[in-house]
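The values are calculated or read from the model by the stated rules, or taken from the named source; none is laboratory data. Fair warning: this is a prediction, and the values are worked out from it, not measured in the lab. When we count neighbours, we look across all protein chains shown, and the Cβ atoms used for this are built from the backbone with ideal geometry, even at glycine.
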Amino acid sequence: MDGLSRRKMLMAGGALGAFTALGVAPANARSLWTWAPGSSVAGSGAGIDPQWVWDEEADPVVAAVLERGEVAAVNARLATWTRNDQPVPTGLPAELRDFMEHARQLPPWADRAKLEAAATFNKGRGFYLNLLNGVGGGMLSTAIPREARSVYHSKGGADMEDRVAKTSLLGFAIGALDAYRPDGDVIVQAVKTRMVHAAVRHLLPQSPAWPRISDGQKTPISQADIMVTWHSLATYAMQKMLEWKINVTPAESAAYLHVWQVSVHMLGAHDEYIPATWDAAEAQSKQVLDPVLASTREGVELTDILLGQLAEQTSPGGIDRPLVDALARYLVGDRVADLDAIPEERFWLKTIKLVWPPLVAFREGLLPLPLVPPLAWTIDEAIRQYILWFLTKGRGATISLPDTNRPG
Ligand code: HEM
């Protein structure tokens, strides 16, 4: 149990205990699927519970690559594929190539003008979005048992720094100005990620840990799981921006939703599960994300590693880890912070609660500089350092298919 202090373990135990005492099943508290496909971008659908749907196009093709022992050769070819407008590399197995040709096509409902508007919005709001999708989304993901456990027990779980780098590749690709333009790379990163998920579906059930962590699933990363993670990124970020009173115009809000709709389609989500509006997203999030949040040993450990990495980057002054812990708690709230066993740093939490609203108001042009408390800039600087770290980490990393689970 590297990097996990006894204190955190006890806190995690406490959180789990509290859940069980309340009669809530910690890792499998899913409600009945009633979300109507009429609220989706498809506008209709069979209404099958997405818990029982995976990726019928990618899964068999990628499983065959693993079975034939071709992962290294395929990865070498995939590494040369870096731009949206680049043809799919030659030298790949024919059925994989066919899959990629099909998977790289944007859905017919993709709207270029909205994607451009989203890119401009992402640029203007990069400070908040990087914080929300990076730290906030990261802390939420570790409180999603299936995700935390599958990440922990997969190949990349053993090297979280590398994994953060690879995950941020897609995040930054989505947020980039040229995201869906010919010279951007979001299509490439999304198709690669879709194939990585297919590989995990094949590999993870072979892990010795699987019987303990499978949470009633035969195969991991269902369509429902994908949408859960989607809400921890897109829906959560929009909720927070509204809560913080950031000025988001209706057109910007629609554009931001659109870039995430297209991106999750590119990750293999079926259109009948992709919410058409923010209201539909909120309703689905309440049904699929809220009930599954729970504490796991793996989630607590991953949280500790992630916040430790973040603290290393933010400040040499000795206040780093408590500040980072408080920032994480502020972003996700007490319930999720407790599930993740994030220590309660009262001084810094109180400080952040005090200085965040004026800092946002200043950034939004609503408050003159003299009224921003000086301590706000310590927090602002910590966030900047963090974003910089994320940005540099992503450089040079490539998303590749895993050929094994977490070693050891
Ligand atoms: C890999 C993003 C949903 C589990 C990745 C990667 C990205 C990514 C960019 C590639 C990075 C890497 O190779 O480490 C996303 C996004 C999702 C999503 C944007 C939804 C919107 C999920 C869900 C699960 C999951 C729902 C599990 C329940 C994994 C695992 C790996 C991975 C286990 C990597 C494996 C390894 O260690 O090689 N994901 N993911 N992901 N994802 Fe996801």
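Just one of (1) at pLDDT 95 or above; (2) away from the ligand (no atom under 11 Å from the Cβ) trips up T193, so point out which. So the condition that T193 fails would be (2).
I'd like to verify a number: residues in region 122-150 that are more than 19 Å from A328 (Cβ to Cβ) and more than 9 Å from the ligand (Cβ to nearest atom), how many?
Of the residues in region 122-150, 5 are more than 19 Å from A328 (Cβ to Cβ) and more than 9 Å from the ligand (Cβ to nearest atom).
Of all the listed residues (A148, A173, A190, A199), the sole one being crowded, with 21+ Cβ neighbours inside 10 Å, touching a Leu at 6+ places or on another chain (Cβ under 8 Å), small (G, A, S) and under 30 Å from D380 (Cα atoms) is A148.
For region 143-190, a residue qualifies if it is farther than 30 Å from T120 by Cα and either in a loop (DSSP other than H, G, I, E, B) or without any contact (Cβ under 8 Å) to a residue 24 or more places away in the chain (or both), and the qualifying residues are A143, I144, D159.
Yes or no: F121 buried (at least 20 other Cβ atoms within 10 Å of the Cβ), touching a Leu at 6+ places or on another chain (Cβ under 8 Å) and aromatic (F, W, Y)? Judged against the criteria, F121 is not a match. The residue that is nearest to Q189 (Cα to Cα), counting only those in region 259-294 that are within 16 Å of the ligand (Cβ to nearest atom) and part of a loop (DSSP other than H, G, I, E, B), is L267. Based on this model, can you work out whether I174 counts as touching a Ser or Thr at 6+ places or on another chain (Cβ under 7 Å), within 16 Å of the ligand (Cβ to nearest atom) and modelled with pLDDT under 95? Considered against the rule, which asks whether it is touching a Ser or Thr at 6+ places or on another chain (Cβ under 7 Å), within 16 Å of the ligand (Cβ to nearest atom) and modelled with pLDDT under 95, I174 comes out as yes.
To keep it simple, each residue is scored yes or no on (1) in contact with a Pro (Cβ under 9 Å, 6 or more places away or on another chain); (2) free of Cβ contacts under 8 Å to residues at least 12 places away in the same chain.
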position	(1), (2)
K192	no, no
H202	no, no
P205	yes, no
R212	no, yes
G216	no, no
T219	yes, no
Y236	no, no
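Figure legend. Inter-residue proximity from region 262-276: first residues over 14 Å from G47 (Cβ atoms), second residues in a helix (DSSP H, G or I) and among the charged types (D, E, K, R), beta-carbon distance below 7 Å, spacing 6+ or different chains. Indicated pairs: H265/D271; L267/R194; G268/R194.
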